[in-house]
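Here the structure is laid out as structure tokens; the discussion comes afterwards.
The values are calculated or read from the model by the stated rules, or taken from the named source; none is laboratory data. All values derive from a computational prediction rather than experimental measurement. Heads up, the Cβs are rebuilt from the backbone with ideal geometry, glycines too, and the neighbour counts pull from every protein chain shown. All accessible areas refer to the heavy atoms of the entire protein, side chains included, with ligands and DNA or RNA removed. Shrake-Rupley method; radii C 1.70, N 1.55, O 1.52, S 1.80 Å.
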Amino acid sequence: MNSSMIKSKIFAIIALGIFLYGFVIPTVVFHGTLEKIEQGKEAQISPSVFGLWNFYNKDRYFSNTTPKVAKGDLQKMIDNTAEIGVASTPIWSVSLEAPNYPKEAFPQGIPVFFHFDGFSGEVHEMNTINHYIGMDPMERGGPYERLLAPYALVFTAFVMFLFIIYNSKFYSLFMLIPAALPVIFIGLYSYWLYWFGHNMHDYGAFKIKPFMPTVFGDGKVAQFTTHSYPGLGFWLLVAISLLSLLAILSRAKAHRVSH
């Protein structure tokens, strides 16, 4: 096995490790947990899920209404009916600032975080704001994407594993999937922002014309200042993408050398 082939496997192994840790494991293990909590079936939740959620949510943002003693402890958050987000790494963050949300109470504005499989942060408060301007609640966005996320992530991890195990050039095509993840996310995220901004309802107390919410950077909606920026998860996706591309190039070089 030549050095380029070894490098291709090393790049892919590192990419797969990041992918499993940041997205696949927390998404798969936590899948269906929020539904059980909503249905009052928390007794059916495995103890391992509690441990995983607590581990991944250490030092993350929790809703301003969450009791301090409950933050970061899934069982206590359930007991206090606190707002619970998913466990996977947040990919994008959006926050709103307005005069009626003082900095003392909301130092980060009203933040929400987007994940492959759901949301976290001030989701309830954001939905209240959305209703105020005639916009749908966040849960209307990407319903099928969130439903299929665990299966899509497992499939992607599986094809990355195949690339590592087998030396055939054919499996390089599979690595194009993780390589494209940042672009896929931005594309879906932009589409749903457009959909929300162009499907306004008349029930809003504050009427605004259809608009395109800010994808990246700072913007303005009614009296709200918006901030939309990548989160840790997006930079992990960028790292996975670059490592996947390096793996593909190294594999191609290995086959050129061998021939």
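A few remarks follow.
- Descending by average beta-carbon neighbour count within 10 Å, the peptides 86-97, 104-115 line up as 86-97, 104-115, the highest first.
- Of all accessible heavy-atom area on the stretch 47-110, the percent that carbon and sulfur account for (1.4 Å): 55 percent
- Nearest-10 value in Å² for the accessible area of Lys41, using the 1.4 Å probe: 80 Å²
- Label positions at Gln44 and Phe211, each projected 7 Å from the Cα along the C-beta direction, are separated by 4.3 nm.
- Heavy-atom accessible area, probed at 1.4 angstrom with all protein chains present, ranks Met200, Met77 as Met200, Met77, highest first.
- Average accessible area per residue (Å²) across the chain - probe 1.4 Å, nucleic acids and ligands excluded: 52 Å²
- Taking P(r) over Cα pairs in 10 Å bins from 0, in percent as calculated from this structure, the corresponding entry among (i) 6, 27, 34, 22, 9, 1, 0; (ii) 7, 31, 37, 21, 4, 0; (iii) 7, 27, 29, 22, 10, 4, 1 is (iii).
- One decimal place: the segment Asp73-His131 gains 17.9 nm when fully extended, by the rule 0.36 nm per residue minus the C-alpha distance.
- Placing pseudo-labels 7 Å out from each Cα toward the beta carbon at Leu232 and Asn80 gives an inter-label distance of 2.1 nm.
- Centroid-to-centroid, using Cα positions, the stretch 15-79 and the stretch 202-241 are 25 Å apart.
- Value of [θ]222 nm, deg cm²/dmol, for the chain, DSSP H segments ≥ 4, -39500 (n - 2.57) each, nearest 500: -15500 deg cm²/dmol
- Projected label distance in nm at Phe158 and Ala252, using a 7 Å step from Cα toward the beta-carbon: 2.7 nm
- Contour excess over end-to-end distance, with Cα ends at Met1 and Asn199 and 0.36 nm allotted per residue: 65.7 nm
- For Val221, distant residues with modelled amide H under 5 Å away: Thr226
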